[in-house]
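Encoded as structure tokens, the structure appears first; notes follow it.
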Amino acid sequence: MVKQILPKNLSEVLELISKEKYRFCAGGTDMLIQNHNLKTLPIDFKDNIIYTFNLEELKGITEDEDFITIGASESLESILENKITPQILKDTILQMASPAIRHSGTIGGNIGNASPAGDLLVPLYLLNAIVQLQSLKGIRSVLLSDFITHVRRIDLRDDEIITKIIISKINFDKHQFVKVGPRLSDAISKLSFLGAVSFHEDKVIDLRFSFGAVNITVVRRPEIEAQYIYKTKEELKNSVDELLEKYSEYIRPIDDQRSNKEYRKTVALNLLRNFIEEL
Ligand SMILES: Cc1cc2nc3c(=O)[nH]c(=O)nc-3n(C[C@H](O)[C@H](O)[C@H](O)COP(=O)(O)OP(=O)(O)OC[C@H]3O[C@@H](n4cnc5c(N)ncnc54)[C@H](O)[C@@H]3O)c2cc1C
């Protein structure tokens, strides 16, 4: 039988995971579905479980001059309601799941689940989020785009837990998140797109794009974005076909029960085109 632990604090968690392998259950909105068993109750967990939803050390949203830090067990709804949260994250969370699921589901869980369709990953990639991991040995900080290594695979060692997510404080002149799904709530993305841009005297000074559910992980290509810095708005608009061609190489979706690859690719590139043409 698997162990199920409700720890009092982070020190207890770090002790436990330094000795034995556990998995974490935060809001449980992914874990409970992946481990459900229609024949038996309770949930059929295959591994030892530590419940992390009540850990104070994994809660809180704070800011300093340059960064915003979000505790891994903060619920999607509390992130949405917090005044520190950047609008770019709020716009995404508003299109995730439903209020009930958002009250349970956490930011750490969305990252830990590492689904190519994880909606919150799309703005977190765009904001160069850093994932902070803790073990008895100390703290390790990893770029989210390095932390997620493949579909549902993360660079988490057995003795580590995600404690915090850190994002730079940044405002864009324009950003747009579009989620394409079968209905407005409780729908997993067929694909998603986020574009963000800032100008100084009509010249592009920041340009970022990220795409969800069109490859094994979120697609973000800073080396393509950099080629359009210091272009004027008009030059950027005139480069739209070239830009689409560059992204086309990295938009490599799959067919599954939610959509097919032709639809996903066409719509993802159309969303990029619309974003540029409407600047
Ligand atoms: C009806 C429904 C609708 C949904 N709609 C959406 C949607 O629109 N968009 C979307 O992106 N997702 C959606 N989801 C999926 C889910 O709600 C989100 O991914 C949510 O953010 C998961 O958070 P959680 O706390 O519930 O994760 P859990 O289920 O608790 O955990 C998920 C994974 O993360 C790991 N984990 C959790 N916390 C930590 C930690 N601190 N350190 C290391 N690993 C950790 C767990 O071990 C597990 O592998 C939906 C789910 C349901 C049931």
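The values are calculated or read from the model by the stated rules, or taken from the named source; none is laboratory data. Since we're looking at a predicted model, the values are computed, not measured. Neighbour counts are summed over all protein chains in view; Cβ atoms, including those assigned to glycine, are modelled from backbone coordinates with ideal geometry. Just so you know, the surface numbers come from the protein's heavy atoms only, side chains and all, with ligands and any DNA or RNA stripped out. Shrake-Rupley method; radii C 1.70, N 1.55, O 1.52, S 1.80 Å.
Here Met96 fulfils each of the conditions (1) open to solvent by less than 50 Å² (accessible area, probe 1.4 Å); (2) farther than 19 Å from Val218 by Cα; (3) within 9 Å of the ligand (Cβ to nearest atom); (4) outside any helix (DSSP H, G or I) apart from (2). The set of residues in the stretch 99-147 that are away from the ligand (no atom under 11 Å from the Cβ), open to solvent by less than 30 Å² (accessible area, probe 1.4 Å) and more than 20 Å from Thr69 (Cβ to Cβ) is empty. Taking the stretch 249-265 as the range and being under 11 Å from Val219 (Cα atoms) and exposed (fewer than 15 other Cβ atoms within 10 Å of the Cβ) as the test, the residues that pass are Glu249, Tyr250, Arg252.
Screening Ser185 on (1) near the ligand (Cβ under 10 Å from one of its atoms); (2) within 17 Å of the chain's Cα centre (by Cα) shows it passes everything except condition (2). Scanning the stretch 225-279 for residues that are hydrophobic (A, V, I, L, M, F, W, C) and assigned to a loop (DSSP other than H, G, I, E, B) yields Ile229, Ile251, Ile254, Leu279. Taking first residues from the stretch 61-88 that are farther than 19 Å from His175 by Cα and partners that are open to solvent by 20 Å² or more (accessible area, probe 1.4 Å) and among the aromatic types (Phe, Trp, Tyr), the Cβ contacts under 8 Å between residues at least 6 apart in sequence or on separate chains come to Ser73/Phe53. Among all residues of the stretch 166-185, there is at least one that is within 30 Å of Glu12 (Cβ to Cβ) and open to solvent by less than 20 Å² (accessible area, probe 1.4 Å).
Counted as qualifying within the stretch 1-88 are the strands (runs of 3 or more DSSP E) with 1 or more residues that are more than 9 Å from the ligand (Cβ to nearest atom) and open to solvent by 60 Å² or more (accessible area, probe 1.4 Å), namely 61-63, 67-71. Restricting the stretch 199-212 to residues that are open to solvent by 10 Å² or more (accessible area, probe 1.4 Å) and of a type outside the set (D, E, K, R), the residue that is farthest from the ligand (Cβ to nearest atom) is His200.
Residues in the stretch 148-165 that are farther than 19 Å from Ile50 by Cα and open to solvent by less than 50 Å² (accessible area, probe 1.4 Å): Ile148, Ile165.
Does Val151 fit the bill of being modelled with pLDDT of 95 or more, more than 9 Å from the ligand (Cβ to nearest atom), more than 24 Å from Glu56 (Cβ to Cβ) and assigned by TED's automatic domain parsing to the domain that holds Thr92? Spelling it out, Val151 is indeed modelled with pLDDT of 95 or more, more than 9 Å from the ligand (Cβ to nearest atom), more than 24 Å from Glu56 (Cβ to Cβ) and assigned by TED's automatic domain parsing to the domain that holds Thr92.
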